[in-house]
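The block underneath contains the structure these notes are about, expressed in structure tokens.
Please treat every number below as a calculation from the coordinates, not as lab data. These numbers were taken from a predicted model, which means no experiment stands behind them. Cβ: placed from backbone, ideal geometry, glycine included. Neighbour counts: every protein chain shown.
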Amino acid sequence: MHAPLLLALALAASATPRTFRVDAFHTGNATEERFSLDRLVLEPLPFPGNPDRPVDDLNLGKYLFEVRDLATNRLLYSRGYATVFGEWETTAEAKEANRTFHESFRFPAPDRPVQLVVRKRDRRQAFREIWTLTVDPKDMYVDTSPPSPAGPVIEILKSGPPERKLDLLILGDGYTASECRTFEAQARKATDALLAVEPFRSRRGDLNVRALCPPARESGVSRPSTGIHRNSPVGTAYDAFGSERYLLALDNRRFREVASQAPYDFVAILANAETYGGGGIQGLYATVAAGSLWSPYVFVHELGHHIAGLADEYFTSDVAYLPGERIEPWERNVTILPDPTRPKWAVTPGAPIPTPWDQADYERRAKGFQEKRKIIRKRNGPESEMDALFLEQKKIETEKLSAEPWARKVGAFEGANYEAKGSYRSEVDCIMFSRDDVPFCSACRGALDEVIDQYAGAHARTSSSR
Ligand SMILES: [Zn+2]
């Protein structure tokens, strides 16, 4: 080989460093938390993030981690994110017990020692340092061993190189080798559901979607409330934090080993299960029971949480807030209207703030459906009965909400973020609000667009259909 070619190869290699991973234990309770190092890993694949946007300027997430050059303190990489611990610490259990969750920090493999800094928002939403660790990429304990094979990578949507696209990885969990074909069909169907809604529809050319189906020994995933336990490849289980329809994969090391075998910025786990359920944690993963009637909807909704840290826009009237303790949430799609005349998103000209809608009528109906739901659950009714109830609710609510005078307009509608009063959403209906056949609201689309830009960059936007 002649010199210019060697130089070009060397430059190409330095432009795409491998993915470095710090695995740590995050331990604590409702009032304190601490981190400890588990191990350092050099993942098998190049870092898939956008080299033009290493620093996260979106200000999303309850937590933020930074990677700084140890010698110069220069910020090399940062990302806002959420954790399972961050949700658990708000539960009743955290007031009485300690728990440990395994977590990972992924960043481009540095060539010199770096400082990892973890920050968490304080009461005023400002990030404060809660842990720091010096990482030497040449440390003899950096694990370079390849992970146990998770099967071939299935290409679902291929738009370009990983470092220029938002890379979504869909993992199948609880599928035996013979069920992987079912998984592939479900993964394709879920991708179609995502690409049918904005902003994903317009930005299809900015996305790559791949899938992995690590074969399970037994079919299905764990569901402790019904006595079912499975040693599934990714470890997804129902009943997280005692909530029967909340699906999480708490064995992070297992999850990371599987995921490290395909390029990914974001992950959706399809669990081989029929009972309605899912979950979504910003920057970690989204989960969904793939066999449920509602799985396409849940997939898109949970990806809203996972990709852009979107808040739930629904509310129940029993949740009360304490005046004076409230602070504007960092989530882009909910607001407490610190300026009562102007929300943080652009509104439809002429829309009154707050924007009128028949909240009382909506709440009355929602309560009725909640009661019916409780009764079905109590006598452990079949999934089909719950599906029928949800379908009935969807039909009536779609009808009522779409007939609201300010439907499909952008304003500030009271009732959001689990709060009936004092919290507002941008449109009367949204994928983060209901199971209706509606798009993401304006605020949600804006937030998702910003994250897609962060991974696919301006460069990719001009080449897409946008
Ligand atoms: Zn929304």
Q. If we sort 27-36, 72-81 on the protection proxy, mean other Cβ atoms within 10 Å, highest first, what's the order?
A. 72-81, 27-36
Q.
Test of understanding: ordering ASP312, ASP167 by Cβ neighbours within 10 Å, fewest first, what list do you get?
A. ASP312, ASP167
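How long are the three semi-axes of the equivalent ellipsoid of the stretch 206-317, in whole Å, if each is the root of 5 times an eigenvalue of the C-alpha gyration tensor, listed from largest down?
Working: eigenvalues 81, 76, 30 Å².
Listed largest to smallest, the semi-axes of the stretch 206-317 are 20, 20, 12 Å.
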**Q.** Net charge of neighbours whose Cβ lies under 11 Å from the Cβ of ALA216, counting Lys and Arg as +1 and Asp and Glu as -1
**A.** -1
Q. Quick one: net charge of GLU397's neighbours, Cβ under 10 Å, K/R +1, D/E -1?
A. +1
Q. Sorting ARG128, ARG121 on the 10 Å Cβ count, fewest up front, what's the list?
A. ARG128, ARG121
Q. Dividing the Cα convex hull volume of the stretch 368-466 by residue count, how many Å³ per residue is that?
A. 161
Q. About its Cα centre, how strong a charge dipole does the stretch 17-135 have in debye, to the nearest 20, once Lys and Arg get +1 and Asp and Glu get -1 at the Cβ?
A. 240
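Could you work out the equivalent-ellipsoid semi-axes for the stretch 17-135, taking the square root of 5 times each eigenvalue of the Cα gyration tensor, largest first, in whole Å?
26, 16, 13
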Q: Just need the relative contact order of the chain here, percent rounded to a whole number, with Cα pairs under 8 Å and 6+ apart.
A: 14
Q: Kindly give the semi-axes, whole Å and largest first, of the ellipsoid equivalent to the stretch 22-70, taking each as the square root of 5 times a Cα gyration tensor eigenvalue.
A: 24, 18, 10
Q. In sequence order, what are the phi-derived ³J(HN,Hα) couplings for the stretch 353-363 according to the Karplus relation 6.51 cos²θ - 1.76 cosθ + 1.60 with θ = phi - 60°, rounded to whole Hz, with x for glycine and proline?
A. 10, x, 8, x, 7, 7, 5, 4, 5, 4, 5
Q: For the stretch 204-215, take each phi angle, set θ = phi - 60°, evaluate the Karplus expression 6.51 cos²θ - 1.76 cosθ + 1.60, and give the result in whole Hz per residue in order, putting x for glycine and proline.
A: 3, x, 9, 10, 10, 10, 10, 9, 9, 10, x, x
Q: Please give the FRET efficiency for LEU45 paired with ARG364, using the beta carbon to beta carbon distance and R0 = 60 Å, rounded to the nearest 0.05.
A: 0.70
**Q.** Cubic angstrom per residue, convex hull over Cα atoms of the chain
**A.** 165
**Q.** Among beta bridges that DSSP assigns inside the chain, antiparallel share in %, nearest 5
**A.** 75
Q: Using a cut-off of 13 Å between beta-carbons, work out the net charge of the residues near ARG379 (Lys and Arg +1, Asp and Glu -1, ARG379 not included).
A: +4
Q. Mind checking the log10 I(q)/I(0) for the stretch 121-257 at q = 0.10, 0.11, 0.21 Å⁻¹? Debye, one equal scatterer per Cα, no solvent, two decimals.
A. -0.51, -0.61, -1.19
(Q) Let's test this: bin the Cα-Cα distances of the stretch 262-349 at 10 Å from zero up to the farthest pair and state each bin's percent. (A) 15, 34, 30, 17, 4
Q | Dipole axis of the stretch 334-447 (+1 Lys, Arg; -1 Asp, Glu on Cβ), positive-most option in SER426, ILE336, PRO405 | A | ILE336
Q) When a footprinting reagent is the concern and you count Cβ atoms within 10 Å, what order do GLU328, GLU302 take, fewest first? A) GLU328, GLU302
